[in-house]
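Derivation of every value follows stated rules applied to the coordinates shown; laboratory data play no part. All values derive from a computational prediction rather than experimental measurement. Cβ atoms come from the backbone with ideal geometry, glycine included; neighbour counts cover every protein chain shown.
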Amino acid sequence: MSLGNYGRARLRSALTTAGVAIGTALVVLLIALATGAEENVRRSIFSIGDLRLVTVQPFQPGANGLSAVPRTITDDTVAKLKVVAHVDGVYRQFDAPLGMVVEGGDDATIRPQGIEPGAPVDRGDLLAGRHLEAGDRAVAVIPGNIARLVAPNAGAAIGRTVTMRVGGAVKLGSTRIGGSGTPRDYGVKIVGVFDEQASQTSFRIPLEDALLAGAENRGLTADAIRQTTGYSGLAVEADDSTNVADIVRAVQELGFSSFSLKQVVEQIDQGFGVFKGILAGIGGVALLVAAIGIANTMVMSVLERTREIGIMKAVGASPRDIRTLFLAEAAYVGVFGGVLGLALGLAGGQIIDRIIRQLNPRTNPAAIFVVGPDLALGALALALGIALLAGFLPARRAMRMSALSALRYE
């Protein structure tokens, strides 16, 4: 009966349903676009590094620019961090002075980066060869752009010995600047080549080699460098990304500055949460207007069918039956409008996605319009809820109408 009443005034019902559909489509479209943007940002961050990593820097917590107060990271610091709960590993790093690779007349500026075997920076981006291993000395894992200076391709560079010059003047672009200390040459064997997208200047060498090069550059010993200058930084690996905050807190309690991509992701999630709320509010305004239309339609329906209501009550229909009848009619508006709005939102999102891809034909961006099951079901539930809420007062009015007054109504 309620479905037949919904189709009785077809034009009015269609217009009311269209209002709900437009509001629902707007909510779906805006939130889906925000979700797609968030996932693209998160994907970019995930490609940078592991969310389980905490980078320890040789400064006091809260260090910023010129106000940074230096601190010394020593082996004692490493020992303290290794016993912190949820820490899977602590990896030391020492950056030797800037230098050059001298090979066949082609010089390339490098940043000798001393790391330990298994360090997070030396994982998963190999083009050829292997990573650093325990016991390695006088070897290097280099970026692909430098490998192509010494060999036709990355694979051919493996096993080649090159000269690593540390200290002295270096060339940055077309500018040559004075370096630190007296330049010293070291012969290193290339054992691995990594993708230069990670870095075009990083020259990954064993930690002990970097300490020795840094010490000789300053006229000190490696042990003196450990005690006075300390390590350039630490990479602390948590057993799970959910425990990163506890490790960050422990690092700060030790008096050091820290950084974690997990913190960045959490801040992004908070920002996009507010952004989604604003967009949902914009779509909610359209649904509010639709709700007013539903209420108006239901009020007119009650007035037009006053005698019908009186007859139903006279033949035994209970007030609850009357209320259920009118709420069911409002529900049909919400369900049909929600389904149509969801379809319109999906179609609109696909059109926007295609337009963006046509504007950027050389790139293959990830989907910027993401509709998950939660958003689809939430949009339908919202449309139905708005319709029921808008139809409640008219249904209540019909339920409380006196049968005698209804029968006498003209």
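For Arg43 paired with Leu15, estimate the spin-label separation in nm (one decimal), with each label point 7 Å from Cα along the Cα-to-Cβ line.
Each label point lies 7 Å from its Cα, and together they span 4.4 nm.
Could you pull out the trypsin sites (Lys or Arg not before Pro) across segment 83-136 that fall in loop regions by DSSP (anything but H, G, I, E, B) with no more than 14 other Cβ atoms inside 10 Å?
Arg123, Arg130
What does the extension gain come out to for Ala198 and Glu253, with contour length at 0.36 nm per residue minus their alpha carbon separation?
Result for the pair: 16.7 nm of gain on full extension.
Please compute the length gained on full extension between Thr242 and Arg357, using 0.36 nm multiplied by the number of residues separating them and subtracting their Cα-Cα distance.
Full-extension gain reported as 37.8 nm.
Quick check on packing: order 153-163, 266-276 by the mean number of other C-beta atoms within 10 Å, highest mean leading.
Final packing ranking: 153-163, 266-276.
Which order do the peptides 279-286, 79-86, 207-214, 135-142 come out in when sorted by mean C-beta neighbours inside 10 angstrom, highest first?
Packing proxy ranking, top to bottom: 207-214, 135-142, 279-286, 79-86.
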